[in-house]
Ligand SMILES: Nc1nc2c(ncn2[C@@H]2O[C@H](COP(=O)(O)OP(=O)(O)OP(=O)(O)O)[C@@H](O)[C@H]2O)c(=O)[nH]1
Ligand SMILES: [Mg+2]
């Protein structure tokens, strides 16, 4: 069953409110940018088909709400994620400083098997804004990524469509790789990860 | 023929929301019932109806309306005066110092930190209100100037005589001359100071930069916003506010007065339609007060729904499909690590519990769908968090939202106004700081201005806002076939991008679930029960989008007229004739009201909303 399965990747996008998560996701999935996106309430869900190393993959992307109040929802969304994109706004230092807690919170709630090697990607968004407003240098961001286990780093503009495709492609690639690694080490099918229906052995007792 | 025609229906509404005197007995319930079936879009009715349903105006004591409105508006102007302030010297100095300092993190002083914290709240509100109902241009438009309110009066206008403008509506409050509130834009000036510049360009349009820049050059240019008004505009009149700035002030004041709740994203989505309905009233004496009035309606709504906005009540670990159909909860529990801890303190009121209520209801009305979704592991959090927490505002176009809210408000009127307090007393208790504020222990009290607090937990019935749950349930069952056929991803997309539906049909279906009552507990002897037998079908016919207006209206009429007296008489005895097609419909009791309908023609309009193509 596992062999013939279509790859399904669950991707979570995290970061402070207003850094551009929704804009990034829409740029990636729909090739559109609008200044009219409302604040995300809860989490939005989009999918995109991608071809990675000749394999067709469906990415299920959860674009979450940035305000702290919504973090209690994480429990429901993070679990079973294959990759997590941490987004900040290069013109807002606070959104960068909060990456630490976003990452910690994710690891805590998602509880992945191998937290050390869980695939993150860091995205510094809004690089189209004039240089004088920039508050976080590339160097500083890369140092942080390095320190957290060599997290891939991208600087993007959801507005101009700069680097968005590349960032998400890396997300897809690394989550697939992660998946392969997991498969390598476990000779038993992963009960949580992919096809919800087949995995819930325990719910067999469900009647009524 | 005894049918209540569209014009009569409007006239009846006009009486219910406007008449000086009404006989007290059971009129409020009749009124609520009518609102369930939809409030007419005719000018000015809905806004007063909402005020009545949300307890802003006492239904029974009409003589007090002008005073109540005036008092409350003055309270709000007081808040604006106290809480909306321009940047202090200290703030400006801090900002200037920060600007000079190239690395903001280098040395932080606690004052700056406190300031940043405060401004983060403001900034968050600012970011969200700009994007309120972006499909409408309305919120980007200037608030029309009016001398009836210190928030809208052009700065150069002298004190206005009291009855200069208001005419017509007898229930409108007497107007008073107002001096403009000079500091009303202070909040925006603070944002400008804090943010250094403005990506949107809107701030600089009408805001504090002018004070620094000097004002001589702009006397003509800036009037563009305000349009009307006499007098040569001089410096302080920098155009009026924009509508989104008005709701920004409301949200800021609310957050300040209710520090236990503060501002939560999504509040703007709830405030938006309230404000819109008030601010589009063609009558100036009402429209001019859209901001203070919306503040109070919003506060009333928040008293009902505040627990949805409090994080520690979320209890999101627990939303799940009911035990009933999922005996092996282990697998579900594994979805949420925090479950073990949280489940023990399962909160009865937070958003998590509301989602649970939805799932229980679904299990009851459509076990197959419930089980199917459960197998696909579609957590209610994935879609219904948003539905419920922002009251469907993200799922439907504005006119539909407003229609849904007619029913939602008619339902929660039972919590807010209650059956026993239709008379005057009610009002004061919600204005004053009353004991209920402590009930759930979260609403804070601001000493300086603790006048308008959200008082939670004081609901009079056990299952508050049941209709919200019913409506969400109807949204699910209305797309059941697609849900049953679709896979996980399709389902989530369908529920998150809810397809256009006939909203009256949805309300009708929700009504069906509503009269079933909440999932457990004793049979309620309530509104739903009372009329279930007599007019359930009539309501459905009315709600299911009758193509013929007459049909819809006559059905609505039978709801109205089969009201308490009729329904009680019929209860348990026989199926009332009104249910049968073509059967004679009960006569509407004109004697209920002080004026006969014949004298109050409201113009013929279709009673029900059009069907969606
Ligand atoms: N200049 C510029 N602005 C952007 C970019 N991406 C997003 N924005 C703007 O930033 C604001 C916030 O964007 P969103 O995508 O809604 O932010 P978010 O992270 O989804 O915010 P929440 O949903 O509240 O968590 C909007 O006004 C966007 O137009 C970008 O690449 N460049
Ligand atoms: Mg977003």
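How much FRET efficiency would the formula 1/(1 + (r/R0)^6) give for residue B:71 and residue B:96, where r is the Cβ-Cβ distance and R0 is 35 Å, rounded to 0.05? Efficiency for this residue pair is about 0.25. In this label model, residue B:280 and residue A:111 are separated by 4.8 nm, measuring between points 7 Å along each Cα→Cβ vector.
In whole percent, what relative contact order does the stretch A:1-71 give with Cα contacts below 8 Å and a gap of six or more residues?
Over the stretch A:1-71, the number comes to 42 percent.
With a 10 Å Cβ neighbour count serving as the proxy for reagent exposure, in which order, fewest first, do A:169, B:392, B:471 appear? Neighbour counts put them in this order, fewest first: A:169, B:392, B:471.
As a proxy for reagent exposure, ranking B:68, A:93 by other Cβ atoms within 10 Å from fewest up yields A:93, B:68. Remark: the residue B:136-residue B:500 segment gains 129.2 nm on full extension, using 0.36 nm per residue and subtracting the alpha carbon distance. Based on the reciprocal of the average 1/r between different C-alpha atoms, the Kirkwood radius for the stretch A:37-133 equals 15.1 Å. Listed from fewest to most Cβ neighbours within 10 Å, the set A:123, B:84 follows the order B:84, A:123. Classify the stretch A:1-81 as rounded, prolate or oblate from the Cα gyration tensor: take a ≥ b ≥ c as the square roots of its eigenvalues, call it rounded if a/c is under 1.5, otherwise prolate when a/b beats b/c and oblate if not. Because a/c hits 1.5 or more and a/b fails to exceed b/c, the stretch A:1-81 counts as oblate. If you sort the three axes of the alpha carbon gyration tensor as a ≥ b ≥ c, you get a/c of 1.5 or more for the stretch A:64-105 and a/b above b/c, which makes it prolate. Approximating the spin labels as points 7 Å out from Cα along Cα→Cβ, the residue B:123-to-residue A:47 distance works out to 3.8 nm.
Readers should treat all values here as calculations from the given coordinates under stated rules, not as data from a laboratory. Bear in mind that the values here come from a model prediction, so they are computed numbers and not experimental data. Here the Cβ is made from the backbone with ideal geometry for all residues, glycine too, and neighbour counts use every protein chain on show.
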